1. With the requirement that a residue be facing another protein chain (nearest Cβ under 7 Å) and modelled with pLDDT under 90, what does the range B:168-204 give you?
2. Of everything in the range B:43-53, what is more than 10 Å from chain A (Cβ to nearest Cβ) and surrounded by 17 or more Cβ atoms within 10 Å (Cβ to Cβ)? Give them in sequence order.
3. Restrict the check to the range B:129-152 and report whether at least one residue is assigned to a loop (DSSP other than H, G, I, E, B) and more than 7 Å from chain A (Cβ to nearest Cβ).
4. Given the criteria of a type in the set (A, V, I, L, M, F, W, C), touching a helix residue (DSSP H, G or I) at 6+ places or on another chain (Cβ under 9 Å), over 23 Å from A:LEU59 (Cα atoms) and in contact (Cβ under 8 Å) with a residue 24 or more places away in the chain, does B:ILE161 qualify?
5. Taking only the range B:93-116 into account, find how many residues are farther than 20 Å from B:SER136 by Cα, in contact (Cβ under 8 Å) with a residue 12 or more places away in the chain and not charged (D, E, K, R).
6. Can you work out which of the residues in the range B:57-67 that are more than 7 Å from every other protein chain (Cβ to nearest Cβ) and modelled with pLDDT of 80 or more is nearest to A:ILE40 (Cα to Cα)?
7. Starting from residues that are within 15 Å of A:MET1 (Cα to Cα) and at pLDDT below 85, keep the ones in the range B:72-117 and report whichever is nearest to the chain's Cα centre (by Cα).
Amino acid sequence: MGIVTFLPRFFPMVFLSRWALPEKIKKGLEYFPISILSSIVFPLFFFNGEGRMEIQPHLLLSSIPVFLFAWKVKSLWGSVLLGMAIYWGLGWIF
Amino acid sequence: MDHHQIKKGMIDALPIVLGYLPVGVAFGLLARQAGLTYAEIGLMSLLVYAGASQFIAVEMILKGMAGLPILITTFLINLRHLLMSSTLSLYFQRNRPFILALLSAQLTDESFAMAMSNPSKIENQPQYLLALQSTSHLAWITGSVLGAFFGGLIHFQSYGIPFALPALFICLLLLQLRNLLHFYLMGIAGTLSILFKSFLPGNWYLILTALITSGLGIALERRVCPLKGLPKGGTGKE
């Protein structure tokens, strides 16, 4: 397991850092963080733990203030703590 | 050794630590219940260091599966790191393979996103990224081992723990948005990922979405001129 998790992490780092990549591909790599983060974040609200489609009202509701807060304040700590507090609070309400 | 870089990396890792500790504890607890020994749990978190894969491996062990199916599943889940590792490679063009091997061994979604929230911090600064990653990794190992010993005492659905990492990812995503094109791409990737996830197995939705969205990014960047200012307040959610 250690090896199969290591390989995809390792190969691009070592080999691509030696080659000069074409500009187009470099440009595309710039968009990977946004693409990957979006595809990590948004499905969270619409799929349950087993990967079946099912709206997650707690996650969805907690995310709205976190989106606003993170956008305005740009604080990682603040977002994490606020998100946890709201999610916890929602658990008390329903 | 550049102590300043190391310290900065450790401090920047703290939000990740807050997310990893409880998830690590949950993993330790489940792994223990599945019959793994303390040493196996610690070693797995040290050597494998992949949240989802470790949980799935434990579940497969519980169902009596072992060996090859676990390896294949793990490999497929972690193929997405090909993309992240490719992106990071742009910032480490002049470093020795040994350093790159160390950096890549500890690459995770969270450390990648944190590193990319301010790429100027990592550009040819392997010590900063190593410190950030090692601190996160240590939190994961510590969490797993603590969970193996004391996990039964904690309620994982309480204290907002399930929302710690999602909140971190939301903020890291918003930190990436620097122009209007980025907003469009977030909307496109959000929609595509939900669509793909509804019918594709495993983690293919991540890889496919990232490839298509990045391609669209290249295609669209000349049409959407860089904005003077960002639109106010919009979160760009679908």
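The values are calculated or read from the model by the stated rules, or taken from the named source; none is laboratory data. Computed from a prediction, not measured in an experiment: that's the story for all the values here. Here the Cβ positions follow ideal geometry from the backbone for every residue, glycine too, while neighbour counts run over all protein chains shown.
1. B:LEU168, B:PHE169, B:CYS171, B:LEU172, B:LEU175, B:GLN176
2. Selection gives B:SER45, B:GLY51.
3. Checked against the condition, which is being assigned to a loop (DSSP other than H, G, I, E, B) and more than 7 Å from chain A (Cβ to nearest Cβ), the range B:129-152 yields no hits at all.
4. The answer is no for B:ILE161.
5. 2
6. Taking the candidates together, the pick is B:VAL58.
7. B:ASN78
Let's see how each residue does on (1) surrounded by 21 or more Cβ atoms within 10 Å (Cβ to Cβ); (2) farther than 27 Å from B:LEU175 by Cα:
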site	(1), (2)
B:PHE55	no, yes
B:ILE72	no, yes
B:LEU83	yes, no
B:PHE98	no, yes
B:SER117	no, no
B:GLY151	yes, yes
